[in-house]
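Take a look at the structure set out below.
The values are calculated or read from the model by the stated rules, or taken from the named source; none is laboratory data. Computed from a predicted structure; not experimentally measured. Backbone-built Cβ (ideal geometry, glycine too); neighbour counts: all protein chains shown.
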Amino acid sequence: MDPELLGWLASAVFLVRLLPQPIRLWRTGTPQGVSPLAAMNSALSDLAWLLYGLGAGLVPVWLVAVLALPPGIWTVVLLRRRTSRGDLLLAGLWLATILVAAYTGGLVALLGVSVLVNQGPQVLEALRSDDLRGVAAPTWWIALADATLWGSYGVVVGDAAVVAYGVVLFACATTILVRLWVTRRVPRVSQPEPAVAFAD
């Protein structure tokens, strides 16, 4: 497949992956199992990609980042009542790291490992929680396709960082999908938490 076409296809799948989670939160008002820190880190990383794309004059990069910001910010807003001070502190640390990297010229290297910062908190949340009712499974099924396409793109163009993105995202998505399967097979003994209404 043509590398440019593969890159655009991977970008489209990436954008589609961002939609199921905020839609589920908005429709159900159930945030259990969803990591606010992961949502904030992802939105901040989208902002970093936007700055990088504008600075480098790369239209596909900043265009995808612009399209990714609304669902990312929407997810953060929907999780506002579940967000802790610790989440805000760690997200602030990630923002400071991005700004320092942008100022010192290290933004590219930082963005190369951003998938760990973005997805790591959600993987940890899924592993330590038995209540994942708020997690949108379609997000992570689409993430498998996202990871495969970007990993393939990285192989085609010889970019190890993009390959690493694909590998890490695939591993994160697989872990979360397995946890969803396990938690839905094992009935919870405790009473379910009441749903949080997000509409004001």
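Conditions first: (1) assigned to a helix (DSSP H, G or I); (2) of a type in the set (Ser, Thr, Tyr); (3) under 18 Å from Ala137 (Cβ atoms). Thr30 passes all but one, so which condition is the exception?
All conditions pass for Thr30, except number (1).
Please determine whether any residue of region 152-162 is in a helix (DSSP H, G or I) and polar (S, T, N, Q).
Yes; the residues of region 152-162 include at least one that is in a helix (DSSP H, G or I) and polar (S, T, N, Q).
So, in region 12-26, exactly how many residues are surrounded by fewer than 20 Cβ atoms within 10 Å (Cβ to Cβ) and either more than 12 Å from Thr75 (Cα to Cα) or in contact with an Asp or Glu (Cβ under 7 Å, 6 or more places away or on another chain) (or both)?
So the answer is 4.
Would you confirm whether or not region 97-105 contains a residue that is under 18 Å from Cys172 (Cβ atoms), out of contact with any Cys (no Cβ under 8 Å at 6 or more places or on another chain) and not in a loop (DSSP other than H, G, I, E, B)?
No, that holds for no residue.
Within region 176-200, which residues are modelled with pLDDT of 80 or more and crowded, with 17+ Cβ neighbours inside 10 Å?
If the condition is that a residue be modelled with pLDDT of 80 or more and crowded, with 17+ Cβ neighbours inside 10 Å, then Ile176, Leu177, Arg179, Leu180, Thr183 are the ones that fit.
Rundown of residues vs (1) in contact (Cβ under 8 Å) with a residue 60 or more places away in the chain; (2) under 30 Å from Leu5 (Cβ atoms); (3) crowded, with 16+ Cβ neighbours inside 10 Å; (4) touching a His at 6+ places or on another chain (Cβ under 7 Å), yes/no style:
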site: Gly72; (1), (2), (3), (4): no, yes, yes, no
site: Arg81; (1), (2), (3), (4): yes, no, no, no
site: Gly86; (1), (2), (3), (4): no, no, no, no
site: Thr104; (1), (2), (3), (4): no, no, no, no
site: Leu111; (1), (2), (3), (4): yes, yes, yes, no
site: Val123; (1), (2), (3), (4): no, no, yes, no
site: Arg128; (1), (2), (3), (4): no, no, no, no
site: Asp131; (1), (2), (3), (4): yes, no, no, no
site: Trp150; (1), (2), (3), (4): yes, yes, yes, no
